[in-house]
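Please read the structure below before turning to the comments.
Since every read-out is calculated from the coordinates, none of them should be taken as a lab result. Keep in mind it's a predicted model, so treat the numbers as computed, not measured. All Cβ positions, glycine included, derive from the backbone under ideal geometry; neighbour counts span all protein chains shown.
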Amino acid sequence: MSLSQLISCEQNKIRSIKNASLTKPALLNELDTSNIKLNEYAHQIINSERFKPDQLAPSITIIECALSDLGLTGGGNFNQINAAIIKFNLCYCPIEFAPYIRLAYLEQTESKINTVNQNPHGAITIFSKTLSEDENFPRGLYLRNFEGLNWLRGYCCSNDYLWASDARMIFQVKQPDR
């Protein structure tokens, strides 16, 4: 499958996400005003000195798809996912775009299934590089509509954590070299 075939799959969503150039306090206020909930891990990431929303590109193009669409029919860990996305001209999504992505996904399908120590039902993980190698620092962020509330949630896991083949993730589409 090619990038154009990946994009043409009906269940996959491609979007342009604009950087509104908000400061951290303004970004947190915008999330709050939009009734988006954050867990403690999300606050930890956003409040980190390594989270630098002022250094973002004006916009990015993202695609949301299942790991099976990338050929990972048995699921995949971080290294396997990274190897798979390279074939499709995709890359890590800057974690600083996560709040803007959450704001663009206000119509996310609701989940009422509670999960523990696994990728939550209905979650859409933003595939990004971690801000810290410290095992106690959250690995990344995901979107979830749980019981009618939109969340931007941080999570912790090891590098070898295996996502299921039906896990949905958001990746950045690489821009062609000019």
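Descriptive notes on the structure:
- Residue-count net charge about Ser132 - beta-carbon cut-off 12 Å; Lys, Arg +1, Asp, Glu -1: -1
- Counting charges near Asn145 (Lys, Arg +1; Asp, Glu -1) among other residues having Cβ under 13 Å from its Cβ returns a value of +3.
- Likely footprinting exposure, Leu141, Leu90, fewest C-beta neighbours within 10 Å first: Leu90, Leu141
- Three-way shape label, the chain, alpha-carbon gyration tensor, a/c 1.5: rounded
- Rounded if a/c under 1.5, otherwise prolate or oblate - the stretch 95-178, Cα gyration tensor axes: oblate
- The Cα atoms of the stretch 35-127 give a gyration tensor whose axes a ≥ b ≥ c have a/c of 1.5 or more with a/b no greater than b/c, which makes the shape oblate.
- DSSP beta bridges confined to the stretch 3-173 are antiparallel in about 75 percent of cases.
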